[in-house]
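Working notes, structure below.
The values are calculated or read from the model by the stated rules, or taken from the named source; none is laboratory data. Because the structure is a prediction, the values reported are computed rather than measured. Please note: Cβ atoms are built from the backbone with ideal geometry, for glycine as well, and neighbour counts cover all protein chains shown. These accessible areas exclude ligands, DNA and RNA; they are computed on the full protein's heavy atoms, side chains included. Shrake-Rupley method; radii C 1.70, N 1.55, O 1.52, S 1.80 Å.
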Amino acid sequence: MTADLSPADARAAILSRIADAARAAGRDPADVTLVAVSKQQPSDRVAAILAAGQRVFGENRVQEALARWEGQKTPALTLRLIGPLQTNKVRDAVRLFDAIDVLDREKLAEALADEAQKAGRSPEILVQINTGEEPQKSGLIPDDADAFIARARGVYGLPVSGLMCIPPADEPPALHFALLAKIAARNGLAALSMGMSDDFETAIRFGATHVRIGSALFGARPQKSQEPA
Ligand SMILES: *Cc1c(COP(=O)(O)O)cnc(C)c1O
């Protein structure tokens, strides 16, 4: 879609679409953060987006993120984990990431709390909700969300600031975005990570504070590995 644009121009175009969508919804464009999803992207494309001023990036695999970012992570860069997290990768994840957007089970809450205590700091935490209740997808089913959020905060002391979802690929996303916003509101959570390249304007209409955009920003990902659901 944006293959003909320079990375800087592609980013400017996305930022202006984000701002237009926010204003159309009566929102402040500054309340919507562009998360550049750099997973599987060649390093020259990522370097170009960095040079264009992008400072918030999303990665879906801990090992890949470490390989890419460990040497160049600075406090000015924000890294968000947006893909499934196994408990044996929690130590590395807590060390590298500023935000973990995929908390979805008790064992993971326990491991995160444990590593955060050892590290003396916790990343920001978002709870992932499987709004479509798809068996192959991570995330809590909506009915379990309130009790889990309360335990993540109360029992494990995690700094849960919001929710994240990936709607089913074959359904209009609006109902899923609305559901996520509703669960966040009743739990007093401000952050909503929802919306990707094809639907971020709709997500902004329903209150997204973080839109996760990969291909519309960097161009299509090279087809080397299978994407997790
Ligand atoms: C890959 C990925 C994205 C970005 O997808 P695009 O369609 O390329 O924008 C967003 N969120 C998650 C969780 C992803 O895994």
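Positive end of the dipole of the chain (Cβ unit charges, origin at the Cα centre): among 72, 154, 57, the Cα lying farthest that way belongs to 72.
Accessible surface of the chain, 1.4 Å probe: 51 percent of it comes from carbon and sulfur atoms.
Dividing the Cα radius of gyration of the range 17-144 by its Kirkwood radius returns 0.99 for Rg/Rh.
Here the sum of -39500 (n - 2.57) over DSSP H runs of 4 or more residues, divided by the residues of the chain, equals -11500 deg cm²/dmol at 222 nm, to the nearest 500.
For the chain, the solvent-accessible area works out to 46 Å² per residue, with a probe of 1.4 Å and every protein chain left in place.
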